[in-house]
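Some notes on the structure that comes next.
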Amino acid sequence: MLEALDGIPIVVAVVGLLIVLVGAGLLTTTRRSSKRDGDPPDRSESSTAGSTDTLPVPDEAVDDDLDVAIPEVPDTPEALVEEPPLSLGERFNRRLARTRNVLGVSVADLFGRGVNDAAWEGLEEILIGADVGVTATTEIVEELKRRSREEGATTPEAVTDLLKQELRSALQSDDRSLARATDDGPTVWLITGVNGTGKTTSIGKLAAIEQREQRTVVLAAADTFRAAAAEQLGIWATRTGAHLVRKDEGADPGAVAFEGYAAATERAADLLIVDTAGRLHNKSALMDELGKVKRVLEKQAGPLEETLLVLDATTGQNGIAQASAFMQAVELTGVVLTKLDGSSKGGIVVAIQRELGLPVKLVGLGEEIDDLAPFDPELFVEGLFTDIAG
């Protein structure tokens, strides 16, 4: 090595070599000390070509006021493609699972062992258990026996098909659409029902549906007895763009209804929806007050287009007793049946129709806004038996 440094003083050469070696060591030490345990790798060294940063995906959040789930942020381009909304038929099929498990599956199992007296008795028990009602059940089963003999229905599929036909027949109604005003004034819908049935939420969802159809809506908070009622309705008014008319807690509900109609007229609104206190059907004084609210509205608007009773499907036959009491207080035009997706007693639809003569006009099939849907007897019956042959 000393020979290779010929012409250079030996001392200078040695010192220069030491400087080079020490400098290299210090550089290595510095680079190593900059990377502590747990630090991410340097992208300039470890990343591969074409790699991209991804944003973290937050957990699903839920809006408690609307009971509507906020979807997760998509993390792939494919997730950005919006899935088409479920059709009404698909919603009935998916949301009637509880009643279907009681009714549809059991019927197939009963008649799988033969079309005999034991099967017919079992069918009566199933229909009553699904809250079809004793009177309606007796009529349906007797008609099924007659038709099965005359038409030779000897298989579970054949009997199930006949049962579907009888249920459709029991649910026949001239018109289930929501009535609207034929003159220049606002349409008026009066909403009644017992606390806890989903009355205020149904009103909010109705307002959202109407707003989507480009109709202007006024909400009248005539439930002045429950402290949170007007506040809840106010949240829906804000989110749907509806105008809210309210007074202080304890105010005269009739006065709120009166001012609600005046505001709807002044604003040339398409629709006035009046919320009323969730009255207990066995409290005559409160039921009388409901009649007063309706009379106040009728003096201004004439006959109301709709007076709808909100019933909770999970209450079963108790809903029939509620409806009967409300019918004595006011003339009802139809029923909004909520929580149908959470009940095994979906047969209450048949009982309401047969025993009360009231059409079910809207049903609650879930917590989403679109899950307040028009009732379709064909889709309802198919939803009860969607997994059953026939």
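The values are calculated or read from the model by the stated rules, or taken from the named source; none is laboratory data. This is a predicted model, so every value here is computed, not measured. Neighbour counts run over all protein chains shown; Cβ positions are idealised from the backbone, glycine included.
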field: Given (1) under 24 Å from L163 (Cα atoms); (2) surrounded by 17 or more Cβ atoms within 10 Å (Cβ to Cβ); (3) out of contact with any Pro (no Cβ under 9 Å at 6 or more places or on another chain), number of the condition P374 does not satisfy
entry: (2)
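With the structure loaded, tell me whether V217 is more than 30 Å from E142 (Cα to Cα), at pLDDT 95 or above and more than 21 Å from the chain's Cα centre (by Cα) or whether it fails that test.
On the way: more than 30 Å from E142 (Cα to Cα): yes; at pLDDT 95 or above: yes; more than 21 Å from the chain's Cα centre (by Cα): no.
No: the conditions fail for V217.
Pick from A285, A263: which is out of contact with any helix residue (DSSP H, G or I) (no Cβ under 8 Å at 6 or more places or on another chain) and at pLDDT 85 or above?
Values: A285 fails: at pLDDT 85 or above.
Matching residue, one of A285, A263: A263.
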- prompt: Going by the conditions given, is T76 surrounded by 14 or more Cβ atoms within 10 Å (Cβ to Cβ), at pLDDT below 60 and of a type in the set (S, T, N, Q)?
  reply: no
